[in-house]
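This report refers to the structure that appears directly beneath it.
The values are calculated or read from the model by the stated rules, or taken from the named source; none is laboratory data. This structure is a prediction, so every number in the text was calculated from the model and none was measured. Virtual Cβ from ideal backbone geometry, glycine too; neighbours counted across all protein chains shown.
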Amino acid sequence: MVSERAADVTPFLAMDVLERANELDDVIHLEVGEPDFSPPDRVVETAVESVRAGNTNYTAARGKPALRRAIAAHYAREYGVDVDPGRVVVTPGSSPGLLLAMAALVDPGDEVVLTDPHYACYPNFVRTVGGRVETVPLRPADGFRPRVPAFERAMGADTRALLLNSPANPTGAVMDGDTLADLVALAADHDATPVVDEVYHGLSYDVAEHTVLEYTDDAVVLNGFSKRFAMTGWRLGWLIVPPDLVDAVNRLAQNLLICAPNFVQDAGVAALESPPERLDAIRETYRERRDLLVEAISEWGLDPGYTPQGAYYLLADVSDLPGDAFDVADLFLEEAGVAVTPGADFGEQAADYLRLSYATDADAIHEAVDRIDAVLATVER
Ligand SMILES: Cc1ncc(COP(=O)(O)O)c(C=O)c1O
């Protein structure tokens with residue numbers, strides 16, 4: 001018998017689309033959020049050297065001291081904030097970090113407030129620990145950026161955590177510092193903990209990024225190496241937690257995860273110490289791809305009404321096309337050989353949209369645009 005909690009877990013549609021796309025020939029993948037870059041060479045070399053040196057046993061659950069210090073130094077360098085390495089917990093990817101954060105904060109019946117649209121997996125983390133999800137709808141007219149009054153209305157006596165994500169998946173929206181500061185204050189008024197997923201930090205175009213740690217120490221930061229350093233399969237991430245949560249999160253990590261892979265942690269130090277110019281060049285490449293797709297989406301008449309400023313996703317509004325977004329995603333996959341994700345994956349507010357990822361090289365994106373052009377020319381509106 002499957003537990004009620006497990007039965008409630010919804011599939012991750014982007015992964016379902018990937019499965020179907022892999023059955024077909026000659027598909028261009030705009031459905032998955034997997035960078036097409038490699039990690040810096042020094043990262044690979046460090047991992048190999050570390051394996052050869054025999055660093056293949058367990059480490060402390062909270063991570064190797066050198067990596068925790070390198071993570072703290074990253075916050076001083078990038079944002080000018082002082083983080084005690086004692087508050088850093090290294091995890092095998094940011095996803096297990098979110099599981100630890102939810103397990104440490106949420107009791108059965110507690111409420112976690114999150115945005116709609118949101119990263120597809122968030123509600124399932126909340127439900128897995130017995131929490132309840134309360135969503136705050138974001139509006140395309142605001143560029144899907146959070147507005148504080150909507151959060152004031154959503155938060156109540158049972159709210160335990162406020163789960164935010166900037167730069168955001170799937171919208172590409174980037175939260176400004178004032179809004180983040182106001183949401184931190186609102187959470188404090190409700191004795192709720194802000195949990196901020198900063199996994200796309202480093203990938204913002206035209207706007208400044210702010211970590212929640214600029215405004216409070218009483219927040220959980222979730223981050224990792226998957227996106228910024230193109231290290232998805234290496235499974236390495238981290239949490240920064242408030243001092244009063246360190247012990248609980250460490251005990252949960254000891255029990256649920258044991259530790260992140262030893263030699264991968266050494267590679268993480270090398271990643272954090274890699275020259276910033278490389279990331280600057282990658283960011284510029286993403287920006288060019290974004291501009292290319294923003295223009296194409298507008299020419300298709302599927303403009304979402306705002307320009308995404310971060311991550312590597314954008315939404316196309318397909319409400320004026322025949323059928324629903326699932327039908328349009330099917331049409332693009334089966335007729336154009338272009339895989340995209342139906343917005344329903346990311347909440348009701350995204351149901352009329354498709355999410356396109358531009359973590360794919362520009363030639364493939366150009367080809368995808370030509371193919372979609374051809375298919376849309378056959379569609380009656
Ligand atoms: C917003 C967001 N958070 C977390 C993750 C998970 O990343 P990781 O590979 O660090 O587990 C993803 C992956 O796509 C994501 O989009």
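Every condition in (1) touching a residue at least 12 places away in the same chain (Cβ under 8 Å); (2) assigned to a helix (DSSP H, G or I) is met by residue 291 except one, and the failing one is (1).
Of all residues in segment 343-378, how many are among the hydroxyl-bearing types (Ser, Thr, Tyr), under 11 Å from residue 30 (Cβ atoms) and either touching a helix residue (DSSP H, G or I) at 6+ places or on another chain (Cβ under 8 Å) or not in a strand (DSSP E or B) (or both)? So that I can check it myself, show each step before the final result.
Keep residues of segment 343-378 that are among the hydroxyl-bearing types (Ser, Thr, Tyr), which gives 353, 357-358, 360, 378.
Filter once more, keeping what is under 11 Å from residue 30 (Cβ atoms): 357-358, 360.
From what is left, the residues that are either touching a helix residue (DSSP H, G or I) at 6+ places or on another chain (Cβ under 8 Å) or not in a strand (DSSP E or B) (or both) are 358, 360.
Looking only at that region, the number is 2.
Residue check: residue 328 meets all listed conditions (1) surrounded by 24 or more Cβ atoms within 10 Å (Cβ to Cβ); (2) part of a helix (DSSP H, G or I); (3) within 18 Å of the chain's Cα centre (by Cα); (4) of a type outside the set (D, E, K, R) but one, namely (3). Anything in segment 75-98 that is out of contact with any Gly (no Cβ under 9 Å at 6 or more places or on another chain) and surrounded by fewer than 19 Cβ atoms within 10 Å (Cβ to Cβ)? List them, or say none. 76, 77, 79, 80, 81, 82, 84, 85, 86 - these are the residues of segment 75-98 that are out of contact with any Gly (no Cβ under 9 Å at 6 or more places or on another chain) and surrounded by fewer than 19 Cβ atoms within 10 Å (Cβ to Cβ).
Please verify whether segment 273-288 includes one or more residues that are outside the structural domain of residue 116 (by TED's automatic domain parsing), within 16 Å of the ligand (Cβ to nearest atom) and farther than 19 Å from residue 138 by Cβ. Yes, that holds for at least one residue.
Filter segment 1-47 down to the residues that are hydrophobic (A, V, I, L, M, F, W, C) and under 22 Å from residue 203 (Cα atoms) and list them by number. Walk me through it before giving the result.
Restricting attention to segment 1-47, the residues satisfying the condition of being hydrophobic (A, V, I, L, M, F, W, C) are 1-2, 6-7, 9, 12-15, 17-18, 21, 24, 27-28, 30, 32, 37, 43-44, 47.
Residues satisfying the conditions are 14, 30, 32, 37, 43, 44.
Sort through 193, 159 and tell me the only one that's more than 22 Å from residue 93 (Cα to Cα), more than 14 Å from the ligand (Cβ to nearest atom) and either hydroxyl-bearing (Ser, Thr, Tyr) or free of Cβ contacts under 8 Å to residues at least 40 places away in the same chain (or both). Sole residue among the options that is more than 22 Å from residue 93 (Cα to Cα), more than 14 Å from the ligand (Cβ to nearest atom) and either hydroxyl-bearing (Ser, Thr, Tyr) or free of Cβ contacts under 8 Å to residues at least 40 places away in the same chain (or both): 159.
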